[in-house]
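Asks: A single structure is presented below for examination.
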Amino acid sequence: MDMSKQADAAEDETGKQGVYTVQALDNAISLLMLVADNPDLGLSDLSRKLGAGKARVYRQLKTLEERGLVVCSEPNRTYRLGLATLMLGAKASDQIDLVATAKSFLAQLGEELRETTQFRMLDGDESVCVASWEPVRDVRVQGLIGYRRPLHAASGKVFLAYLPEREQNRILSRTPERFTSNTLVDIQDLKAALAQIRRDGFGVSRGEVNTDHVSVTAPVFQRGGTIAGIINVAAPSDRMGDEKLQLTLRRLKAVSRDLTAAIGGTPPAA
């Protein structure tokens, strides 16, 4: 058999998710994502979580390490993402039009308010920070790229408010985690809060995840009125008095409308 045909046949036999899946590559990507979500694990723990043999995982780690995608930390020989992933992330961010467009809006809003701004997108049942702007201040909220939030607390409630009812009910069927005494965990209270967010067009969180933070969040919509992401302004609670809150709300709502228009989106029908 021709060598290229042999390779094609081997790929077809090992492609569990479709004819064009290369299983070895799929396994390596799974390993890379595992390292991303669980830094500082060693070979044994990575192999156990993947359900794969140590020899195979070790070969994959060495390949990823040679390409700069992971680094091995001594003396415990644990693994973290390498610098090459940072470059990939930066290039991906620039290539995703929505994220690239959002960055200028975040900077404008952040500079006006002198507080941290974030753009978050939905990833499964969580929101993830994909772009942020931070002021040059000694005390500020950190906008960490890649940081995840559940949908039942703080800014995540704005995502939840604009999801289809079936999706809302599925997520609310699980027991919500309480982060602080201000976290809403009663389902009826949560549903009332979601209804209020839809009526107001924004959400305010006072210490729902971190007791020292106040955040204000507004939705950004894509074509057809479905939610594309959220813009969030977060500040230490002692800097977010009533006057600052009202200013933040006015500017946040205006910027979220402008970003929705910039990406060709439309708000949902009332």
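Asks: Provide a single number: the residues in segment 209-236 that are farther than 20 Å from ASP123 by Cβ and in contact with a Leu (Cβ under 7 Å, 6 or more places away or on another chain).
Replies: Qualifying residue count, segment 209-236: 2.
Asks: Look at LEU46 and say whether it is in contact with a strand residue (DSSP E or B) (Cβ under 8 Å, 6 or more places away or on another chain), under 30 Å from ASN232 (Cβ atoms) and outside any loop (DSSP other than H, G, I, E, B). Give the derivation first.
Replies: Numbers: in contact with a strand residue (DSSP E or B) (Cβ under 8 Å, 6 or more places away or on another chain): yes; under 30 Å from ASN232 (Cβ atoms): no; outside any loop (DSSP other than H, G, I, E, B): yes.
No, not satisfied.
Asks: Ok, one more. Looking for something in a strand (DSSP E or B) and touching a residue at least 40 places away in the same chain (Cβ under 8 Å) - is there at least one such residue anywhere in segment 195-203? Please lay out each step first, then the result.
Replies: First, pick out the residues of segment 195-203 that are in a strand (DSSP E or B): 203.
Retained after the next criterion (residues that are touching a residue at least 40 places away in the same chain (Cβ under 8 Å)): 203.
Yes, because at least one residue in segment 195-203 is in a strand (DSSP E or B) and touching a residue at least 40 places away in the same chain (Cβ under 8 Å).
Asks: For ASN169, work out the one condition from (1) assigned by TED's automatic domain parsing to the domain that holds GLY203; (2) exposed (fewer than 15 other Cβ atoms within 10 Å of the Cβ); (3) part of a loop (DSSP other than H, G, I, E, B) it doesn't fulfil.
Replies: ASN169 satisfies every listed condition except (3).
Asks: Then there is this: List the pairs whose first member sits in segment 147-166 and is more than 13 Å from SER205 (Cβ to Cβ) and not assigned by TED's automatic domain parsing to the domain that holds ASN38, whose second member is outside any helix (DSSP H, G or I) and β-branched (Val, Ile, Thr), and whose Cβ atoms are under 8 Å apart, counting only residues at least 6 apart or on separate chains?
Replies: Between residues of segment 147-166 that are more than 13 Å from SER205 (Cβ to Cβ) and not assigned by TED's automatic domain parsing to the domain that holds ASN38 and residues that are outside any helix (DSSP H, G or I) and β-branched (Val, Ile, Thr), the close pairs are TYR147/VAL128; ARG148/VAL128; TYR162/THR226; TYR162/ILE227; LEU163/ILE227.
Asks: Which of the residues spanning segment 124-162 are surrounded by 19 or more Cβ atoms within 10 Å (Cβ to Cβ) and either basic (Lys, Arg) or at positive phi (or both)?
Replies: ARG149, ALA154, LYS157
Asks: Can I ask one more? If you take the residues in segment 223-237 that are of a type outside the set (Gly, Ala, Ser) and modelled with pLDDT of 90 or more, which one is farthest from PRO267 (Cα to Cα)?
Replies: Checking each candidate, the answer is PRO236.
Asks: While we're on this one: Search segment 80-101 for residues that are assigned to a helix (DSSP H, G or I) and pair each with any residue that is of a type in the set (Gly, Ala, Ser) and modelled with pLDDT under 80 when their beta-carbon atoms are under 9 Å apart and the residues are at least 6 apart or on different chains.
Replies: Taking only residues 6 or more apart or on different chains, the pairs are VAL99/ALA92; VAL99/SER93; ALA100/SER93.
Asks: Is there a residue being over 25 Å from TYR147 (Cβ atoms), among the β-branched types (Val, Ile, Thr) and outside the structural domain of LEU144 (by TED's automatic domain parsing) anywhere in segment 71-90?
Replies: The answer is no; no qualifying residue exists.
The values are calculated or read from the model by the stated rules, or taken from the named source; none is laboratory data. Bear in mind the structure is a predicted one, so any value in this text is a computation, not a measurement. We place every Cβ from the backbone using ideal geometry, glycine too, and count neighbours over all the protein chains shown.
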